[in-house]
């Protein structure tokens, strides 16, 4: 379903353009067009992934192309959920370019066949992959909300309200939505790591193999666990929480890209955690 994938990517690009138009012109019709295009792209993207999975006979993460495609799909899914929940229209200015870049990167990647496709035929693995991707997508949006928070805070502190002040929501809404993203992301990756160790036991005979990806996945989990703990016990909110959300996403990116390409392990170059 390569043509469907390409069409979905083009629609995401148009959505991105509409969101940037909305940022500068502030016409609600541009925002509605952007959201409509995002949903249309998501629908076609879903069709493409389902067809890819049916053709391969397993969950479509057999190579980096498919992994990045699922990454883009997960970010879109979480963005749309938070869009309807919190009415964060301006978040599309961050999410749409991120999704578009991921899709373009996915298109550029080679499509080799997995060395052992049978490894991917497991419900435990499917649960692991879905929850991990959705969790990581939520963390990516938490990073975006952290960036928007810092921009709005800076705008408020200035004597003359700048470009972003009237275009961004309140600090309280940005902080609340960012916290919700981290709660959802942490819940998802917790489930993902549990299903992952069960799958590892079934395939390799051990729950834990000290694989670099496993170690860094645990580090990522501990980072966000500490962030949630400090918010609940010490009251980390506002600027500190925003900065930590951005740093956490950096740790997550290293777990995805850095570990895959710099360190060797049995996860290969096509998995997230």
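Shape verdict for the stretch 51-195, please, from the Cα gyration tensor: rounded (a/c under 1.5), prolate (a/b greater than b/c) or oblate. Intermediate values should be presented prior to the final figure.
Numbers: a/c = 3.41, a/b = 2.11, b/c = 1.62.
In terms of gyration-tensor shape, prolate.
Among 32, 161, what is the fewest-to-most ranking by other Cβ atoms within 10 Å?
So the residues, fewest neighbours to most, are 161, 32.
Sort 175, 211 so that the residue with the fewest other Cβ atoms within 10 Å of its own Cβ comes first and the one with the most comes last.
Taking fewest neighbouring Cβ atoms as first place, the list is 211, 175.
Can you compute the label reach from residue 201? Point 7 Å from Cα along the Cβ direction, backbone N cut-off under 17 Å, restricted to the stretch 126-149.
126-128
What nm distance separates the two modelled labels at residue 154 and residue 51, each placed 7 Å from Cα along Cα→Cβ?
4.3 nm
Ranked by Cβ crowding within 10 angstrom, fewest neighbours first, how are 233, 195, 190 ordered?
233, 190, 195
Top mean-square fluctuation among 126, 202, 96, Gaussian network model of the chain, C-alpha springs under 10 Å?
202
Please identify, among 59, 163, 139, the residue showing maximal mean-square fluctuation in a Gaussian network model of the chain using a 10 angstrom Cα cutoff.
Taking springs between Cα atoms under 10 Å, the residue moving most is 163.
Which shape class applies to the stretch 1-117: rounded if a/c is under 1.5, otherwise prolate when a/b exceeds b/c and oblate if not, where a ≥ b ≥ c are the square roots of the Cα gyration tensor eigenvalues? Intermediate values should be presented prior to the final figure.
Values: a/c = 2.52, a/b = 2.23, b/c = 1.13.
Note, shape of the stretch 1-117 comes out prolate.
None of the figures in this text is laboratory data; all of them are computed from the coordinates on show. Keep in mind that what you see is a predicted model, and the values were worked out from it rather than measured. Neighbour counts run over all protein chains shown; Cβ positions are idealised from the backbone, glycine included.
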